[in-house]
Amino acid sequence: MKTINYFIYILFLLIFNTTFGQNSYIDEWFSTYCEYCKANTKTQQKVNVTASAWHNAHVSFAKKDYKEAKRYVLNDRETNDTLKLLLEKHILVQLEVENEAKNYFLSISNTPNKSLKQFVYKSLGKLYFDQQKYDSTISYYDKAIAIPITQTHYFKTEIFESEAFIYLSKRNYKASDSLSQKVLQLYKKNNDSLQIARTYSNLGNLYFEQYKDNIAKKYFDSAYNFSKPLKDLELKSQITYNMYLTSEVFKEHKKAINYLKEYTILKDSLQKQNTIWQVAKEKETFSIAQKQAEVDIQTEQRNTFIAISIAILLVLLIVFIFYRKLARQHKVINQLNAKLNETNAVKNQLFTIIAHDLRSPVAQLKQTFQLRKVAENTTISSDKNVYKIIDSLSLLLDNLLNWALSQSDLLSVQKDWFPLWPILSQIEQQYGALIAEKNIEFHIKVPKSVLIFGDMEIFKIIIRNCLDNAIKFTPKGGKIVISGEIENESFTVFITDSGIGIPEKVLKSIFEIKSNKTQKDTSGRKSSGLGLMLTKSMIELNGGSIQIKSNPAGGTIVNISLPYKNVA
């Protein structure tokens, strides 16, 4: 019963002790490829340097912060892929995802690089050890030891301790003792008191298992003496408990009670320490989480700022591109406008010259026919037709000249008050012959007291054009009435005829220049509408308005509104 109980205890203790510091060689090996570690003495602290991602990765791994280690490995752009993959696979081993790591280690185990091969063999041995496949463990550990390169302290102690445990589990006490003695000498050479005390304790357990209690007691005493100055409460409590058991075996009950008390105190202290560490760890975890939350908020704010900045830049870029495009369009439009203005100026000048140069000979021709008519008192039909043509041509040239002047801003407007009725009477006399020839009933029905404000000569042209149209489109025996009424602050002159009227389609574009809106008068001659366009332009120059609509009784009504006043 004693053998079974103690073997279970020793097995548990050695499993704990052999796993103590088992990653030291791995940490050491990864640090040999760290440029930051080579240049600085404090190698176990992370640094805030972008180029030191590899350093932070292997330091995080050594501190068992595997999530951080993985993150740093992924951010590393300097270290070669093989080293990064090795560290990633060792992280998987610690996370108990062992098969993927093992397959990778096996895939590169034939590398010609001796240092890498030794590291891979050692890693495979450790992996099989954790899986309790001890024959494979010893096989790969022996291969690692056999590679003829410098073997570090951590490398040898970890292999020897693991093999000592394996041989102990196989009850090969001699081999286990031999390996444990090698481990002890290595730790003594390195002046590592903690590991010396632990190894003495393991040797004591080894001999205690063989019922060699005297030798076991010797090693337990050495372990106890080396553990006194140590601060490792866990190890000290285990060694003290071994001393209690040994004292019980040797019937030293007083010592046994003292060791048991000391063990109890150490366990209480260890429990308090663990509680303190747990609280400290939770506090650290909370602090890290809080800092991470702050970092996340800052990152989010930064990303939001970047997104807004990019959006603003894009908007500005679009506005700039649109402005450039608009500016180019404006430039083209301005150039076209300049050319158009130049063309219009040439056109208007040409019309002015043509109208002016043609007006004089037509006026002379008209005057000659009038003199001939008076002298000969002839009423030949052909002469009448020629005279009508000359008169119509004269009016057309007048309109063309006045329109050209108005379009080129050369038409002078001299506004003043003038009586309406005398002007209408004068124009009636001028068109008396035409009115009489067509036997048109003509009436002027406007108050004689009305004064119109505007340019009197321009107003004459307006009335002449309107009346000329009324006469041309009114058949023989028709009727034309010029009337007027007061509307608000204007006086509206109505020129109403009983002529052929204007189609609705033509009325909509009556004041526009269109080749397809010509209309024949009662004699079959076509009218271009130039007179009406000139009339509208001149009325607007005088501050008035014009409206043309169909007469419900037949014909057309022209409404001309201008500023006015009454005189007594």
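The values are calculated or read from the model by the stated rules, or taken from the named source; none is laboratory data. Keep in mind that this is a model prediction, so the values were computed, not measured. Counting neighbours? That spans all protein chains shown, and the Cβs are built from the backbone with ideal geometry, glycine included. To get the accessible areas, we keep the full protein, side chains included, count just its heavy atoms, and leave off ligands, DNA and RNA. Shrake-Rupley method; radii C 1.70, N 1.55, O 1.52, S 1.80 Å.
Within the straight-line cut-off of under 18 Å between alpha carbons, the aspartates and glutamates reachable from Lys283 are Asp65, Glu294, sequence neighbours fewer than 8 places apart in one chain being disregarded. For Lys182, a cut-off of 19 angstrom between C-alpha atoms picks up these aspartates and glutamates, skipping any fewer than 8 places away in its own chain: Asp142, Glu158, Glu161, Glu163, Asp192. I'd like to know which of Asn56, Leu127, Ser107 lies farthest towards the positive end of the charge dipole of region 24-143, counting +1 on Cβ of Lys and Arg and -1 on Cβ of Asp and Glu. Of the listed residues, the answer is Asn56. Entry comment: accessible area of region 54-212 is 45 Å² per residue, from protein heavy atoms only and a probe of 1.4 Å. Pairs spanning more than 30 Å between alpha-carbon atoms, out of Lys415/Lys438; Lys63/Lys267; Lys212/Lys236; Lys64/Lys261: Lys415/Lys438; Lys64/Lys261.
What does the charge count around Lys331 come to, taking other residues whose C-beta lies under 12 Å from its C-beta (Lys +1, Arg +1, Asp -1, Glu -1)?
Values: positive: Arg324, Lys325, Arg328; negative: none.
Result for the local shell: +3.
Across all C-alpha atoms in region 169-221, the radius of gyration and Dmax reach 10.9, 31 Å.
Straight-line cross-link reach from Lys251 at under 15 Å between alpha-carbon atoms covers these aspartates and glutamates, not counting any fewer than eight positions away in the same chain: Asp213.
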